[in-house]
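FYI, it's all coordinate maths here, none of it is from the lab. As the structure is a computational prediction, the values presented were derived from the model and not from experiment. Cβ placement follows ideal geometry from the backbone for every residue including glycine, while neighbour counts extend to all protein chains displayed.
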Amino acid sequence: MNNHEIDYKLYGDDMQFVEVELDPNETVIAEAGSLMMMDDSIKMETIFGDGSKSSGGGLMGKLMGAGKRLITGESLFMTTFTNEGSGKRHVYFAAPYPGKIIPMDLSELGGKIICQKDSFLAAAKGVSVGVEFQRKIGAGFFGGEGFIMQKLEGDGMAFVHAGGAIHRVDLQPGQKLRVDTGCLVAMTSTVDYDIETVGGIKTALFGGEGIFFASLSGPGTVWIQSLPFSRLASRVFAAAPVSQGGGGKDSGEGGIGGLFNLFND
């Protein structure tokens, strides 16, 4: 195997975190800001790109790896956690919002997973985090997740996060599944992905489900989330208090800000 072999354990239900067990000299890579806690003797280091061999050993290779992450909207940097002690050590990574953490053994999934650009959480060192350009223009411009998705390549463990409940569907050859574009979390490289329009003008304009949906054809495996972060954010934004007349006061006259303003008046 080219990747470090790491053990893990998931905790929690709706707000999960993952415990990664590292043997001496083993390393795990993670998104910046995902760390929850770690044992002593673990060295934390910020690097360009993902640190995989595919990024190359020279400066140009590192810049290419970092540039790929920049294209997907992620930070130029990733963080590595290496066990420099003599025994087993643990490092913990937390989910950024309510949902599930999906452990994926890439060696059992064809060595490649295509996923939402914001879903990657952590992986064994050696897993390459790159970009996946959609083959079809329609899928790129109307796919809900933009023209670019992330790809995770290697033969080690990777951890992907998604919102709400997660449903795995194993598509048979020729089997087709139509999914709301925001609910698609990840898929194996064998799945054919395209975008279809919602039939009927009234359905498209007044159905409340958007104009496009993802068309997935087997064989392969797909992971679907019940609560995309965009949907959660829109509901929170819609329920947020609205400022009454401005005047420099905090928005939400009935909330905590309004309570402070009451004392100031």
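Numerical summary
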quantity: Cross-link table Lys125/Lys176; Lys100/Lys176; Lys9/Lys125, entries beyond 28 Å C-alpha to C-alpha; calculated: Lys125/Lys176
quantity: Charge tally in the Cβ shell below 13 Å around Glu26, where Lys, Arg are +1 and Asp, Glu are -1, Glu26 excluded; calculated: -2
